[in-house]
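Undergrad: Quick one: structure below, then a few questions.
Read the figures in this text as sums done on the coordinates, not as results from a lab. The shown structure was predicted, so the numbers you read here are calculated from the model rather than taken from an experiment. Ideal geometry is used to build each Cβ from the backbone, glycine not excepted, and the neighbour counts take in all protein chains shown.
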Amino acid sequence: KEKTLAMIKPDGLLGNYTERIKDVIVDYGFSILREITTQLDQDSASRFYAEHSSKRFFPSLIKYMTSGPVLVMVLEKENAIADWRALIGPTDAYKAKITNPNSIRAMCGQDSEKNCVHGSDSLLSAQSEISFFFEDVSSA
Ligand code: ATP
């Protein structure tokens, strides 16, 4: 089975969406192998989103991601990476409400930044993101 990294971002936790999101996760057949609630600081948020460091929205993204705790989970099922991405919907939660009304971002996100959840976008990023938070979880 495949593993992916899922995260409920600060707006998701503050908005009390955790239980609803977990219900969707379980309904869709994912197992939650591990979970931690943690507060990202400037340094860890910047490392997590290093690929975006040159983007205009980077400073705002880091401010958002450090604005409160996040809940990080390792999800497992067949085709977990693509299925979780499909379930969360497009990056822009405003667009998600129109084009993917049943997606998680349509349920709890607001716009292209405050989109309440994260999911790894490839096998390589799933492996590196899982080891970023869970040193002891084998990503194989
Ligand atoms: P994630 O990596 O969090 O799952 P994603 O892969 O859908 O999201 P990316 O393009 O990797 O989207 O962007 C990472 C995060 O940066 C987004 O989830 C969002 O919070 C923020 N972001 C992306 N695009 C914008 C933008 N145009 N304006 C503001 N914030 C943005």
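Undergrad: So, R0 is 30 Å and r is the distance between the beta-carbons of residue 53 and residue 111; what FRET efficiency does that work out to, to 0.05?
TA: 0.90
Undergrad: List the relative contact order of segment 1-89 as a percent without decimals, with contacts defined as Cα pairs under 8 Å and 6+ residues apart.
TA: It rounds to 56 percent for segment 1-89.
Undergrad: Cα gyration tensor of the chain, axes a ≥ b ≥ c as square roots of the eigenvalues: rounded (a/c below 1.5), prolate (a/b > b/c) or oblate?
TA: rounded
Undergrad: List the GluC sites (Glu not before Pro) within segment 33-121 that fall in a DSSP loop (any state other than H, G, I, E or B) and whose Cβ has at most 14 other Cβ atoms within 10 Å.
TA: Hits after loop and neighbour filter: 78.
Undergrad: Could you tell me which of the pairs 9/77; 55/77; 9/95 are separated by over 27 angstrom between their Cα atoms in the structure shown?
TA: 55/77
Undergrad: For the chain, what does the helix formula give at 222 nm: sum of -39500 (n - 2.57) over DSSP H segments with n ≥ 4, over the residue count, nearest 500 deg cm²/dmol?
TA: -11500 deg cm²/dmol
Undergrad: How long is the gain from residue 23 to residue 138 if the chain were fully straight, where each residue apart is worth 0.36 nm and the alpha carbon distance is subtracted?
TA: 38.9 nm is the gain from fully extending residue 23 to residue 138.
Undergrad: Something else about it: Pull out a ≥ b ≥ c, the square roots of the eigenvalues of the alpha-carbon gyration tensor of segment 78-140, then state rounded if a/c is under 1.5, prolate if not and a/b is larger than b/c, and oblate in the remaining case.
TA: Judged from the Cα gyration tensor, segment 78-140 comes out prolate (a/c at least 1.5, a/b above b/c).
Undergrad: Cβ under 9 Å from residue 28's Cβ, residue 28 left aside: what net charge do those residues give with Lys, Arg +1 and Asp, Glu -1?
TA: Net charge in that neighbourhood comes out at -1.
Undergrad: Treating only the Cβ of Lys, Arg, Asp and Glu as charged (+1, +1, -1, -1), what charge dipole size does segment 26-140 show about its Cα centre? Round to the nearest 20 debye.
TA: Here segment 26-140 has a charge dipole of around 500 debye.
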